[in-house]
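So the structure is just underneath, and the comments pick up after that.
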């Protein structure tokens, strides 16, 4: 099909080329031969009168024109996928769809087991791919690489719909054999002067909690150990006098198998609004409507609340 002299089939190839910046990887992504992808690039260069990809050292880089096209092409393909190719209904009992969710390791531990248990009751052939939180998870959503983001609301994009799933508070976690654990109390002075274990978000200079603490109290926490995930943090205080400020649900899970004492923070900490976000073009995607509903049911299951009897509806319609 052609539109204004452009073969629209080439848009898919262009999207892959600009994302991968490699003819071989783009060909592999689209299950094409390398020669076929090279031919597609040649046709795109002739049609758009631009090199699009140029060799710089051992890598291929996008030209300025290609950079301006990248998001526009992806946006067109996401619109086509959501408006034309989406199925008119979704039957979880018959579907073998794979859902891609961007989640933190905290969410994987506290919420995802409940989601998977519920999904097994309705959709034994549905698959889930959990993707790590990257510097800009919104880009993966906008590119159609992720179906849902499950993140704190302040990490979500203002350009797409978002629903709050649950609120989370913090607890201080200390080794039970430490001076803090034996005293069963943590004063503000002790909290400020203690060494801390903190999770360091990828691509950020400091933890968000440290940043908030510095702005609020004008002094920085003494962070002596950083981890690249939330789940290891409680483990890293064991055998030390350090303190970790941890999501309450995660802290209670860790206390079940580690010698930990959980203490209330000696200062008020804002709660997290853990939320789910999806692309605005996919609001009516029946599969995602089903999955968002299942997430809400998983929250109830996580907190030991009654799940509504409507949870097992066989199909979702737009």
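The values are calculated or read from the model by the stated rules, or taken from the named source; none is laboratory data. In this text, all values refer to a predicted model and were calculated from it rather than measured experimentally. Counting neighbours? That spans all protein chains shown, and the Cβs are built from the backbone with ideal geometry, glycine included.
One residue alone among 250, 258 is modelled with pLDDT of 95 or more, assigned by TED's automatic domain parsing to the domain that holds residue 222 and part of a loop (DSSP other than H, G, I, E, B), and that residue is 258. Is it the case that some residue within the stretch 204-219 is touching a strand residue (DSSP E or B) at 6+ places or on another chain (Cβ under 9 Å), at pLDDT below 95, over 30 Å from residue 303 (Cβ atoms) and not assigned by TED's automatic domain parsing to the domain that holds residue 127? Looking for residues that are touching a strand residue (DSSP E or B) at 6+ places or on another chain (Cβ under 9 Å), at pLDDT below 95, over 30 Å from residue 303 (Cβ atoms) and not assigned by TED's automatic domain parsing to the domain that holds residue 127, one finds at least one in the stretch 204-219, hence yes. Evaluate the stretch 170-179: report whether one residue or more is exposed (fewer than 13 other Cβ atoms within 10 Å of the Cβ) and in a loop (DSSP other than H, G, I, E, B). No, the conditions are met nowhere in the stretch 170-179.
Note on the stretch 261-299: residues that are in a helix (DSSP H, G or I) and loosely packed, with under 15 Cβ neighbours inside 10 Å total 1. With respect to the conditions (1) outside any strand (DSSP E or B); (2) buried (at least 19 other Cβ atoms within 10 Å of the Cβ); (3) at pLDDT 85 or above, residue 15 lacks only one, and its number is (3).
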